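Colleague: What follows is a structure written as structure tokens; I'll ask about it next.
No lab work stands behind these numbers, since they all come straight from the coordinates. All of these numbers come straight from a predicted model, not from anything done at the bench. Backbone-built Cβ (ideal geometry, glycine too); neighbour counts: all protein chains shown.
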Amino acid sequence: MKDTQGGVRHALCAFMPCFLMGVAAVEGVASASDPHAVSDPRETSTVASSLRRARQARDAGRWVEAEVAYEAALTAADAAWTTDAERAEIAAELGLCELALGRYRDAADHLAQSLRHRDALRGGLAERVEEGLKKAESRVVTFYLGVSPPDAEVFVDGKAVRRPAPTYELFLEPGQHTVRARLTGHTEAVSAFEGEAGKDSSLTLKLPRAPEHGAPGAAGAGPVRAVDPATRPAARAALPLTELRIGGAALATAALAAGTVFLLRAEVIDGNMAEREVVFRGQGWTPTTCWWPNAPSACTEIRNDLAERDLFATIGSVALATGAVFGVATAASFVAEGWILRETPVRGGVQVVPSATGTQAGLVLQGVW
């Protein structure tokens, strides 16, 4: 029995060195044939394997295959324990592949996503991404959307946008687009606009609260009593209230739309200035730098931006105030009608749907006047 056990141990000891040598040989072949092989155990993960395939396809010029692999890696990275730097680098490489394939809208989206963590991009990747984003933006529409309340669900051309936010930066194909926002307990907001390649468009959707059930004029308020035409009182001379209301609603909506656009523009300028301030502070600037006699030339540009921001903010505030005045006056006309004519004014649902393009704003009125 002892001899048998000793023979087994002897056989195992003789077999193990051969086995280890075989494993080492296999690993050596894999490393030599795969320049992107990783000795890390994470090589077996979805992210690592997708990245390896993507880089191989990219180096070989197989852009379609590289795009599919990078997209799979980014999807897996969003669900895995990865850092912002890793996801930014994957998004950058994916955007550059999409740019090479002429998919400018997707490329702009992923390149802009990666630049939110620009400091994490290694080597010259950040410069390549910035250059690629400029090229992609010249072929698409950069659309800035504001939504109130911010937790509303947003759809662009029937497709749901990512998780709710107060403002969105979206990249769209040139042409006609429809934007819709909905939220429980609020009236749905819809608007349409036409975007031009290489230009920015902005829009704000506001969802007013829906009327509560049981309000006057709502369904179920009670039976309607028929009126005999013979006993109906003679019609009084109509006042031009309809024309005044339509004109007032049009002026109010146009003023509010213009004011919103001006304020959004002022906010964009202010955001750009804040980003530049961070850069200047990193270069040693102080709040008094532009007061020096030999102030840098960039101070002139800063002053111009400040003046432009303040101008847009002032015009926007005045336009909003003007729109509010016209809106209040239009609403008051419904109350005044009862006092002047001594009868209950007609109640009807009126919906104003704004419509904006890159160069003009308009509205669509729906309802009974």
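Colleague: Mind computing the radius of gyration and Dmax over the alpha-carbon atoms of the stretch 34-137? Å is fine for both.
Modeller: 12.9, 39
Colleague: If I take R0 = 41 Å and measure r between the Cβ atoms of ALA197 and ILE246 in this structure, what FRET efficiency does the formula 1/(1 + (r/R0)^6) give, to the nearest 0.05?
Modeller: E between ALA197 and ILE246, to the nearest 0.05, is 0.70.
Colleague: Taking amide H atoms as placed 1.01 Å from N in the peptide plane, list the residues 5 or more away in sequence, or in a different chain, whose amide H sits under 5 Å from that of SER202.
Modeller: Placed amide hydrogens put TYR144 under 5 Å from SER202.
Colleague: Would you please report the Å³ per residue occupied by the convex hull of the alpha carbon atoms in the stretch 83-167?
Modeller: 105
Colleague: Please arrange ASP106, ASP151 by how many other C-beta atoms lie within 10 Å of their C-beta, fewest to most.
Modeller: Going from least to most buried by this count: ASP151, ASP106.
Colleague: Let me ask something additional. Only four residue types carry charge here, +1 at the Cβ of Lys and Arg and -1 at the Cβ of Asp and Glu. Report the dipole size of the stretch 141-206 about the Cα centre in Debye, rounded to the nearest 20.
Modeller: Here the stretch 141-206 has a charge dipole of around 220 debye.
Colleague: How much net charge surrounds ALA266 when only other residues with a Cβ under 11 Å from its Cβ are counted (Lys, Arg +1; Asp, Glu -1)? If you can, show how the numbers build up before the last one.
Modeller: Numbers: positive: ARG265, ARG309; negative: GLU267, ASP270, ASP305, GLU308, ASP310.
So the environment of ALA266 carries a net charge of -3.
Colleague: If you take every DSSP beta bridge whose two residues both sit in the stretch 141-206, what share of them, in percent to the nearest 5, is antiparallel?
Modeller: 75
Colleague: For the stretch 75-123 and the stretch 127-154, what is the separation of their Cα centres, given in Å?
Modeller: 14
Colleague: Would you kindly give the portion of the calculated P(r) for the stretch 138-214 that falls above 21 Å, as a percent of all Cα pairs?
Modeller: Looking at the stretch 138-214, the distances longer than 21 Å represent 27 percent of pairs.
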